[in-house]
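Step one of this worksheet: look at the structure below.
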Amino acid sequence: MNKISPNKKILRTEDKRLLEGKGQYVDDIKLDNQLVGYMLRSPYANAKLKNIDVSEASKLKGIVDIITSKDYLEADLGPLPHNVTATPTFDPSKIYPAIHYPLARDIVRYVGDGIAFIVAETRTIAQDAADLIQIEFDILEPVVGLSKSTLDNSPLVRDDCPNNIAYEFHQGDKAAVDKIFSGSEHVVKHTIGINRLTASPMETRGVIANFNPQSGVTTVYLPTQGAFGAKNILAKIFEQTPESFRVIAGDVGGSFGMKGAIYAETPLAVYASQKWARPVKWISDRSEAFISDCHARDKAVTAELALDEDLNFLALRVHAIANTGAYYSTMSIFPIIMSTSGLAGAYKTPEIYYRATAVFTNSNPLAPYRGSGRPDAGYIIERIIDIAARELKEDPIKLRNQNLIPKEMMPFKPAIGPNYDSGDFIGNQLMALEKAEYSSIESRRVEAKSRGKLLGFGLGNNVESAAPPGQEWAKISILEDGSIVLFAGSTDQGQGHATMYSQIICDRLKVSPNNIRIIEGDTGTLETGSGTGGSKVSGLGGSAVFEGARLLLEKAKEEAAKELECSANDIEYQEGVFSIVGTDKFLSLGEVSKATGSEGLTILGTHKTNAPTFPSGCHTCELEIDPNTGSVEIIRYIAVTDVGNTINPIQVEGQVRGGIVQALGQVLHENISYDHKSGQLLSGSFLDYAIPKSSDICFIETYQNPTKTEVNPLGVKGAGEIGTGCAVATFVNAIVDALSSLGVSHIDTPATAQTIWRAINQKNENR
């Protein structure tokens, strides 16, 4: 199989443009005659809407429209979509059909729920109008948090949804697992809390809808992970053909899964633009983002590990209660079901049973967030192993090592999830321990103690199912001047797709990257595209470009042979030039393209895969805790990863490090918190929601231990999420290790300095 040459260290080609402020984000776009949209949101977590009076607000000069749910429904427009549907492991009768319209009809279900969409000449006028809208509420008791949501006597988010259970999902042989547990020598059980997060990308959400009455096409500028998916969803909501919409993502300033959903503001802006035949723009500010963006994680997980007398893993049993929020989002199911593809981890556990109960609460809907449930799975298995090791008085490294899947067993069928095609999990761990100088950890622990510090060492393995089965498309065009334009079905949110795609084209066509232009996330340039998510772009999108470049060379060679009046077998290609072997007759790529006629030289490449890839890794963390303050200092961090072939090591390192830092935020700082009495958001700004700073982390050392995959022609596995998947458990294991001498066996995230200090003092008081 022909492979692209790996390990080309090239600085990102898009950085110069972006750093010079030449990017075009949705808020940079200003269209003629543009209106502004503003959402009036609920100040209550749970309340009936008894009356909405917009009469005074409508009189305000500069107000064009005030859209309520009544207007939306009278226009016969559809609800927001979701993907919670019946599957072989779903009982359709037990899936609650939570219909979610863009604006609340008779009840609001979380603080931030949309009530009215105001369309005005300016944002200031819209805000003034919002203050004039009179709303009569009947305030109800909210359900906030997992501990309250499933109690028999708890309030109901929906009157006809018993115990607020949205649906249940399960995978694995329950009977077989239960039988193993009943006869096991050792059973270790622990409940682990996973905190609620928000993505907080640099660019907030926004949308511009621009309806053209002449063509009947609505152009939607939308920072989204899937432009083609958004186009199809809008077509369904409005009962129009997909060709009636063009979605342009442009530059997207971060997403991490959150911008994969279709939010209420998008169809409302489209509706207003089609109604008034003017562009309508809505942009979220940061405060609005906290109460309107989808949130992530938020689970309470009970994990049980069964072991035999020799401490071999026999079975894993997991029950997760997941807070899905007040409604289903477009992709709310993924963070729940995708944990199944990570629970086996790097270990040869014979049987696994996973059950997830999704519950409604009066909080923001759930969406994927960097790893989409797979970091949760990695955290669960790696924490229960550490807990088991301490309970059974076994070295956690030794316990892992004897249960890791050896390289020789590949391909390997885990108890649940798809088959692993490749991986060297023992090699990952050995390399990580060697680089971390683990053999001398105890001497460093003694030295730290002499300074009054508690030293902790943590390790975490992870295997993630990435690049799920699917298909991607890429169109490559050669212009008459020899320059190349690539139209890709993916969307970039900062990953550096343009650099990666350019490298593949340069490798195949032997041209300069300066002559390549990349266009992504524009449904007007391709028939279809699968978008971005699940660490799939290099495997699917990159392979589509790879295949497209191959086909283009074949076609160009045939066209060159026609023009040069020779056999194609006599044509050789070097550095953008076709020539007849042994002669001085030649044509450039541009000349060949010109010779093909008005359409030029254009090829559509595609790649389809029926199996995922399996990036893996092993991380170690060495940290110190000040017992007087509970503060944590990361001393050293080692990340060993297997992402297959590496197209650009610089980008891989950046992806891994970024994922680690986001995991650090989850572990040490970040927490979406609500007042349990009122349902009000307590962490509604960066004053209360603390994202990690550069001073929170040391230099992250990255190393590669690649193994071969044949899933795609590039031999890549995906690097976007494996950093987070390994790191959450690694950080927590290190923190608990530092506190273990005091008798602390577990600490839930976020392990803030205050939380750690309280745990230390509680143990000291009990001595």
Evaluate the following for ARG109: is it closer than 17 Å to ALA47 by Cα and not acidic (Asp, Glu)? yes
Residues of segment 474-498 that turn out to be under 32 Å from the mean Cα position of the chain (by Cα), crowded, with 24+ Cβ neighbours inside 10 Å and part of a strand (DSSP E or B), as a count: 5
Those residues that are farther than 12 Å from ASP293 by Cβ and part of a loop (DSSP other than H, G, I, E, B), I need them from segment 255-268; list them, please. ILE262
Are any residues in segment 399-420 surrounded by 19 or more Cβ atoms within 10 Å (Cβ to Cβ) and either farther than 30 Å from SER439 by Cβ or of a type in the set (Phe, Trp, Tyr) (or both), and if so, which ones? PHE412, PRO414, ALA415, ILE416, GLY417, TYR420
Inside segment 650-671, can you point out the residues that are under 16 Å from THR755 (Cβ atoms), in contact with a Ser or Thr (Cβ under 8 Å, 6 or more places away or on another chain) and hydrophobic (A, V, I, L, M, F, W, C)? VAL667, LEU668
Considering only segment 371-389, I want to know if a residue exists there that is under 20 Å from THR730 (Cα atoms) and in contact with an Asp or Glu (Cβ under 6 Å, 6 or more places away or on another chain). yes
Matching option when the condition is closer than 22 Å to ASN705 by Cα and modelled with pLDDT of 90 or more, among SER631, SER616, SER579: SER616
If you check GLU701 against the conditions, is it more than 18 Å from THR613 (Cβ to Cβ), among the charged types (D, E, K, R) and crowded, with 21+ Cβ neighbours inside 10 Å? no
Here the residues within segment 674-688 that are in contact (Cβ under 8 Å) with a residue 24 or more places away in the chain and under 24 Å from the mean Cα position of the chain (by Cα) are TYR674, LEU681, SER683, GLY684, SER685, PHE686
Can you pull out the residues in segment 441-464 that are in a helix (DSSP H, G or I) and either closer than 24 Å to GLN704 by Cβ or outside the structural domain of ILE700 (by TED's automatic domain parsing) (or both)? ILE441
Just to be sure, is GLU572 at pLDDT 90 or above, in a strand (DSSP E or B) and charged (D, E, K, R)? yes
Restricted to segment 233-286 and to residues being polar (S, T, N, Q) and modelled with pLDDT of 95 or more, the residue surrounded by the fewest Cβ atoms within 10 Å (Cβ to Cβ) is THR241
Being part of a helix (DSSP H, G or I), touching a strand residue (DSSP E or B) at 6+ places or on another chain (Cβ under 7 Å) and more than 24 Å from GLY684 (Cβ to Cβ) is true for just one of ALA344, ALA272, ALA320, ALA306. Which residue is that? ALA272
Selected residue [crowded, with 22+ Cβ neighbours inside 10 Å, hydrophobic (A, V, I, L, M, F, W, C) and outside any loop (DSSP other than H, G, I, E, B)] from ALA389, ALA377: ALA377
Which is surrounded by 14 or more Cβ atoms within 10 Å (Cβ to Cβ), in contact with a Lys or Arg (Cβ under 6 Å, 6 or more places away or on another chain), in the same structural domain as GLY658 (by TED's automatic domain parsing) and part of a helix (DSSP H, G or I), of THR730, THR755, THR724? THR724
Is it true that some residue in segment 148-164 is modelled with pLDDT under 95, of a type outside the set (A, V, I, L, M, F, W, C) and touching a His at 6+ places or on another chain (Cβ under 9 Å)? yes
With respect to PRO396, determine if the residue is under 20 Å from the mean Cα position of the chain (by Cα), in contact (Cβ under 8 Å) with a residue 12 or more places away in the chain and surrounded by 17 or more Cβ atoms within 10 Å (Cβ to Cβ). no
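The values are calculated or read from the model by the stated rules, or taken from the named source; none is laboratory data. As the structure is a prediction and not an experimental result, all values here were calculated from the model. Counting neighbours? That spans all protein chains shown, and the Cβs are built from the backbone with ideal geometry, glycine included.
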